[in-house]
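To keep things clear, I will list the structure first and then write my remarks on it.
What follows is calculated from the coordinates using simple rules that are stated; it is not laboratory data. On a predicted model such as this, the values are computed, not experimentally measured, just so you know. Ideal geometry is used to build each Cβ from the backbone, glycine not excepted, and the neighbour counts take in all protein chains shown.
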Amino acid sequence: VGDVEASAMAGALANVARDASSSLAGLLLAYGCSRDFGRRVRQWRLAADVANDCGLALQMAAPLCRDRFVVLACLAAACHCACGVMAGATKASISRHFAVQGNFEELVSKEGSQEQFVNVLGLLLGYYVLKVLNESTKTVL
């Protein structure tokens with residue numbers, strides 16, 4: 001990142017390494033822990049949040065450590081994938097708990113729709129903020 005001497009092949013290999021480490025982390029976590037996700041839902045949700053926070057911190061730190069960029073990017077991707085596996089597995093148990101009248105499918109579909117709506121709303125709000133900041137004559141830092 002930011003290295004004028006880097007080749008396209010090096011960038012492609014960094015992406016392959018990042019994607020491979022992410023996939024491997026997800027597979028290993030699902031293989032080793034899948035039976036426990038339904039038993040300790042709260043602990044796994046907390047672990048998912050911690051993994052996401054670690055992934056975000058590593059993602060932000062990676063460009064600052066150019067000599068360790070690929071390693072940190074791979075670890076960040078693995079943390080994000082682990083978060084997705086843990087959160088997705090425990091979400092089913094939580095949704096099943098709230099589905100009281102045999103409406104599990106309806107509950108899951110509406111929750112997914114709400115999540116999509118929030119994502120679209122966030123994109124629109126982000127676009128608006130960028131537009132306002134771009135039109136401003138003041139420096140933002």
### Message
Quick check of the Kirkwood formula: for the range 3-78, what is the inverse mean of 1/r over all pairs of different Cα atoms, in Å?
### Response
13.8
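Could you give the dipole magnitude of the chain about its Cα centre, charging the beta-carbon of Lys and Arg +1 and that of Asp and Glu -1, in debye to the nearest 20?
Values: 13 positive and 12 negative charges, 86 e Å.
Dipole about the Cα centre, nearest 20: 420 debye.
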#### Entry: Relative contact order (percent, whole number), the chain, Cα cutoff 8 Å, 6+ residue spacing
28
### Message
From the helices alone, meaning DSSP H stretches of at least four residues, give me the mean residue ellipticity at 222 nm for the chain, per-run term -39500 (n - 2.57), in deg cm²/dmol to the nearest 500.
### Response
-27500 deg cm²/dmol
### Summary
In the chain, taking the dipole from +1 charges on Lys and Arg beta carbons and -1 charges on Asp and Glu beta carbons about the Cα centre, the listed residue (21, 104, 61) farthest towards the positive end is 104
### Query
Can you pull the three principal axis extents for the Cα set of the chain, in Å, largest first?
59, 42, 24
